[in-house]
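Written out below as structure tokens is the structure these notes cover.
The values are calculated or read from the model by the stated rules, or taken from the named source; none is laboratory data. Remember, it's a predicted structure, so these values are computed and weren't measured experimentally. Here the Cβ positions follow ideal geometry from the backbone for every residue, glycine too, while neighbour counts run over all protein chains shown. Note: areas computed on protein heavy atoms with side chains; ligands, DNA, RNA excluded. Shrake-Rupley method; radii C 1.70, N 1.55, O 1.52, S 1.80 Å.
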Amino acid sequence: MATTQTPPVPLLIVDDEPSLREALARYLGRVGFAVQTVDSGAAALEHVAAHDVSAMLLDIRMPGMSGVDVVPRALDIDPNLAILMLTAVADAASATRSLQGGAMDYLTKPVELTELLGAVNRALRRRETIIQSHQLTSWLKSEVQRRGHDVPWERQQGKITLATLETMVNTLEAKNRYLIGHSARVAALATTIAYELGLPEEEIERVRIAGRLHDLGKVGIREEVVNKQGPLTDEEYEHIREHPVIGSHILEPLPDISAIAGYVRSHHEHWDGSGYPDGLSGEDIPLGARIVCAAEVYDALKSPRPYRDTFSTDGVVERMHELKGSVLDPAIVDALEAALKRQTHVAPGQEGFAQPLELRAQS
């Protein structure tokens, strides 16, 4: 019986130093890649436009066009291209700018070959996750529009990982500058609250995942509504209120995360019963959902919006005290305030966490 061989992964090396370019090409060719090389940024862009390329090793410092400038242009040609930067130690700041522009990793010269291979393989796995996420997002959007909330999920289950779903959320948020990083911040703050409450490690992880995926259901919401800069109409508000249900229906068939699906469904329920979609109140609302709700309120108040100024931390805490017993579980507000006083939730370079309480002005 004939077997089908997987073709080698096409990889492009871009470096103006011939000896390094050739050495990397020999090594990566030996381990199974289909390697091409060019010596300038302009030639790299021409190659990416004309050929199928999965990954690119890109030197930062080259005459004419720097690697930093090549990154966004190459991704305009092929948004799924996995780009890894080659940098001297003194170019770390430029490498960081490249990462912000869409590169996946950077390696410092002289390059350790085993480290290079590991970095390339990681970038290619991430590329596959991104491609799968885009495909899944497109499929889910069409199915939700065609069938409503009851998404026929079975034929996709084998392809789903939490990393894919997180990438899908990142893709949705990237379309609105006010939402970028929202779910990651909510997840981090929800995790902090869960630790403050003394929950078991397994439950803390469920809360973290729920925070990361709480807005997954927005895949079924019209983009012009999700990204609207200004007050929502009554019809738009009712439409966006569907996202917790859509998100829970996406998650429910996946093994071992039924509790997370419940947290996602209920993260807009209010302590006094005035929330949605089920009008739950008090301790009938799952604890994980109450935690995510509080983290999202904090994020909503702390984040900039086109229609209001950002609240200070003291202003956020004051406002959340006003919401105790109505929107928010009082015990969770107390836990959040205790964590804020110790600043245990703030990582270097990640001050504050911030975004949607679906105040009618904007989700």
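Residues that are within 15 Å of Pro277 (Cα to Cα), of a type in the set (Lys, Arg) and at pLDDT 85 or above do not occur anywhere in the range 206-217. If you go through the range 190-227 and keep only what is within 17 Å of the chain's Cα centre (by Cα) and of a type in the set (A, V, I, L, M), you end up with Ala190, Val207, Ile209, Ala210, Leu213, Leu216, Val219, Val226.
In this structure, Val70 does not qualify as closer than 16 Å to Leu117 by Cα, β-branched (Val, Ile, Thr) and either surrounded by 22 or more Cβ atoms within 10 Å (Cβ to Cβ) or out of contact with any Lys or Arg (no Cβ under 9 Å at 6 or more places or on another chain) (or both). Within the range 203-238, the set of residues being in contact with a His (Cβ under 8 Å, 6 or more places away or on another chain), outside any loop (DSSP other than H, G, I, E, B) and among the β-branched types (Val, Ile, Thr) comprises Val225 only.
Let me confirm something: among Ala331, Ala339, which residue is at pLDDT 80 or above and open to solvent by less than 10 Å² (accessible area, probe 1.4 Å)? Let's see the steps before the verdict.
Details: Ala331 fails: open to solvent by less than 10 Å² (accessible area, probe 1.4 Å).
Selected residue: Ala339, the only one of Ala331, Ala339 that is at pLDDT 80 or above and open to solvent by less than 10 Å² (accessible area, probe 1.4 Å).
With respect to Gln100, determine if the residue is touching a strand residue (DSSP E or B) at 6+ places or on another chain (Cβ under 9 Å) and either over 28 Å from Thr167 (Cα atoms) or of a type in the set (S, T, N, Q) (or both).
On the way: touching a strand residue (DSSP E or B) at 6+ places or on another chain (Cβ under 9 Å): no; either over 28 Å from Thr167 (Cα atoms) or of a type in the set (S, T, N, Q) (or both): yes.
So Gln100 fails the test.
Residues of the range 232-284 that are hydroxyl-bearing (Ser, Thr, Tyr) and either surrounded by 22 or more Cβ atoms within 10 Å (Cβ to Cβ) or touching a residue at least 24 places away in the same chain (Cβ under 8 Å) (or both): Tyr237, Ser248, Tyr263, Ser266, Ser274, Tyr276.
Restricting to the range 4-52, count the residues that are in a strand (DSSP E or B), open to solvent by less than 70 Å² (accessible area, probe 1.4 Å) and either free of Cβ contacts under 8 Å to residues at least 40 places away in the same chain or more than 21 Å from Pro110 (Cα to Cα) (or both).
5
Show the residue pairs meeting these rules: Cβ distance below 9 Å; 6+ apart or different chains; first residue within the range 60-79 and within 14 Å of Leu12 (Cα to Cα) and at pLDDT 90 or above; second residue part of a helix (DSSP H, G or I) and open to solvent by 90 Å² or more (accessible area, probe 1.4 Å). Pairs that qualify, where the first residue is within 14 Å of Leu12 (Cα to Cα) and at pLDDT 90 or above and the partner is part of a helix (DSSP H, G or I) and open to solvent by 90 Å² or more (accessible area, probe 1.4 Å), are Val71/Arg97.
Please work out if Leu165 is within 17 Å of the chain's Cα centre (by Cα), surrounded by 19 or more Cβ atoms within 10 Å (Cβ to Cβ) and assigned to a loop (DSSP other than H, G, I, E, B).
Details: within 17 Å of the chain's Cα centre (by Cα): yes; surrounded by 19 or more Cβ atoms within 10 Å (Cβ to Cβ): yes; assigned to a loop (DSSP other than H, G, I, E, B): no.
Considered against the rule, which asks whether it is within 17 Å of the chain's Cα centre (by Cα), surrounded by 19 or more Cβ atoms within 10 Å (Cβ to Cβ) and assigned to a loop (DSSP other than H, G, I, E, B), Leu165 comes out as no.
Taking first residues from the range 325-337 that are over 19 Å from Thr313 (Cβ atoms) and partners that are basic (Lys, Arg) and not in a strand (DSSP E or B), the Cβ contacts under 7 Å between residues at least 6 apart in sequence or on separate chains come to Asp329/Arg290.
Taking the condition of being closer than 23 Å to Ala25 by Cβ and touching a Ser or Thr at 6+ places or on another chain (Cβ under 9 Å), how many residues in the range 79-114 meet it? Outline the logic, then answer.
Residues of the range 79-114 closer than 23 Å to Ala25 by Cβ: 80-88, 91, 95, 98, 103-114.
Next, only the ones that are touching a Ser or Thr at 6+ places or on another chain (Cβ under 9 Å) stay: 80-83, 85-88, 91, 95, 98, 106-109.
Number of matching residues: 15.
Are any residues in the range 82-112 closer than 15 Å to Asp15 by Cβ, among the hydrophobic types (A, V, I, L, M, F, W, C) and surrounded by fewer than 15 Cβ atoms within 10 Å (Cβ to Cβ), and if so, which ones? Ala88, the sole residue that qualifies. In this structure, Ser248 qualifies as at pLDDT 85 or above, in contact with a helix residue (DSSP H, G or I) (Cβ under 8 Å, 6 or more places away or on another chain) and of a type in the set (S, T, N, Q). Within the range 99-114, residues that are free of Cβ contacts under 8 Å to residues at least 40 places away in the same chain reach partners that are open to solvent by 40 Å² or more (accessible area, probe 1.4 Å) with beta carbons closer than 6 Å, at six or more positions or on different chains, in the pairs Gly101/Pro72; Met104/Arg126; Thr108/Val89.
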